[in-house]
Amino acid sequence: MTRRIVRMAGDGIGPEIMTAAGRVLDAAAEKFRLDLSFQDCLFGGVAVDETGTPFPADTESACKAADAVLLGAVGGPQYDSLPPEQRPEKGLLAMRKALGVYANIRPVRNIPALAGRTAFRDGHLDGVDIVVIRELTGGIYFGAKDRGDDWATDECRYTTSEIERIVRRAGDMARQRKGRVTSVDKSNVLMTSKLWREVTTRVMAEEYPDVTLDHMLVDAMAMKLISSPADFDVIVTENMFGDILTDEASMLVGSIGVLPSASMGDDGPGVFEPIHGSAPDIAGQGKANPIGMIASIAMMLETGLGEPETAAAITAAIDAAIEAGDVTGDLGGALSTDAAADAIARRV
Ligand code: NAD
Ligand code: IPM
Ligand code: MN
């Protein structure tokens, strides 16, 4: 059976990492005899340029008909002055909503060969193995927005059912891991966070009594992620806190260029993309690290397409390339985006 993959390379370094990572997927598909078909779709700033809108209807229907969606990154300074509705980032939010991918899974695993590249002293990162479950289709990103001459407002709204379903994702994930969930909120100030904490406490007590639950305020979590990162297993949090904390957490690994993500709903295709953006500061220079994109492909194979063996081969190839120092400059190597991807492809 042919599995249909929609590729949306996007903007900035998006096309560079998508093309380079594609060669790793080709190598893996050949070795494991996977039958994959690809459709490239316009999305983000490049879609604005060609069609006037960041998430064209054709792209939306292709995504909905696909078995999985691969995304590079979107955005760039040339689009920053567009009206809000036309911004590439708005297309990203619209795509997540349209596909119902409310659970954004962002693993953060210490890679021993990179520990020396981080800002942390020897041993501090030993045992760091975290999965952040970020709520992706609610909260302040999606509330009513308005502005006048001298005021602006962004509504933050969560419903009980939105919180219940993401908490269940965290509980399920913890059961496959160390059995601990840390829920992050700002319940000392925000009404949405009070609801978040109430619902989390109830769902975990009723449905996951075997999983240990802790709560932490987001400001304290920003500190604890740095001071004691090995203490955490599964972290579950709302949309904006999860966005910020995962960029922070990338520094536990060594570069934002290596962190992947999977965005899942209850049915339909998942969306697989690195957590970084379009990196306009390095676009077009062959400097972008393709590992975040390649590791997202591994997540697609494992979580989205049910091919864990192929996913494991890609992950092992990434680790081997890192071990050998066959990496881009952000990780202290000297390879270009293409050469770093080829170093992984030939190890698959
Ligand atoms: P960014 O993640 O693009 O870049 C932050 C820093 O990390 C930059 O110094 C960049 O060079 C570096 N970096 C990022 N990815 C890298 C990689 N693969 N290899 C090596 N270095 C890498 O964040 P930003 O600069 O704040 O945002 C740039 C644009 O991207 C904005 O328009 C923003 O809205 C957009 N953005 C899009 C996504 C997405 O598509 N999912 C995510 C974040 C930001
Ligand atoms: C991400 C990005 C997006 C987000 C932006 C570009 C809307 O930062 O995917 O992490 O905040 O979700
Ligand atoms: Mn982000």
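The values are calculated or read from the model by the stated rules, or taken from the named source; none is laboratory data. Note that this is a predicted model, so its numbers are computed, not measured. All Cβ positions, even for glycine, are placed from backbone atoms using ideal geometry, and neighbour counts span all protein chains on display.
Worth a mention:
- All of (1) in contact with a helix residue (DSSP H, G or I) (Cβ under 6 Å, 6 or more places away or on another chain); (2) farther than 18 Å from residue 71 by Cα; (3) outside the structural domain of residue 222 (by TED's automatic domain parsing) hold for residue 241 with one exception: (3).
- Residue 322 being outside any helix (DSSP H, G or I), at negative phi and assigned by TED's automatic domain parsing to the domain that holds residue 88: no
- In the set (1) among the charged types (D, E, K, R); (2) at pLDDT 95 or above; (3) in contact with a Leu (Cβ under 7 Å, 6 or more places away or on another chain); (4) under 30 Å from residue 322 (Cα atoms), the condition left unmet by residue 129 is number (3).
- Counted residues, segment 132-157 - those being surrounded by 20 or more Cβ atoms within 10 Å (Cβ to Cβ) and assigned to a strand (DSSP E or B): 4
- Taking (1) farther than 26 Å from residue 314 by Cβ; (2) part of a helix (DSSP H, G or I); (3) in contact (Cβ under 8 Å) with a residue 12 or more places away in the chain in turn, residue 50 satisfies each apart from (3).
- Odd one out for residue 155 among (1) touching a residue at least 40 places away in the same chain (Cβ under 8 Å); (2) touching a Gly at 6+ places or on another chain (Cβ under 8 Å); (3) not β-branched (Val, Ile, Thr): (1)
- Residue match in segment 167-174 (condition: within 22 Å of the chain's Cα centre (by Cα), within 16 Å of ligand 1 (Cβ to nearest atom) and at pLDDT 95 or above): no
- Among residues of segment 324-348 that are modelled with pLDDT of 95 or more and of a type in the set (S, T, N, Q), those with a beta-carbon under 6 Å from a residue that is surrounded by 19 or more Cβ atoms within 10 Å (Cβ to Cβ) and assigned to a loop (DSSP other than H, G, I, E, B) at least six positions away or on a different chain give the pairs 328/289; 328/335; 337/288; 337/290.
- Residue within segment 27-37 that is within 20 Å of residue 289 (Cβ to Cβ) and part of a helix (DSSP H, G or I) present: yes
- Taken together, 70, 82 contain a single residue that is more than 13 Å from ligand 2 (Cβ to nearest atom), among the hydrophobic types (A, V, I, L, M, F, W, C), in a loop (DSSP other than H, G, I, E, B) and in contact (Cβ under 8 Å) with a residue 12 or more places away in the chain, which is 82.
- The set of residues in segment 144-181 that are hydroxyl-bearing (Ser, Thr, Tyr) and in contact with a helix residue (DSSP H, G or I) (Cβ under 7 Å, 6 or more places away or on another chain) comprises 158, 160.
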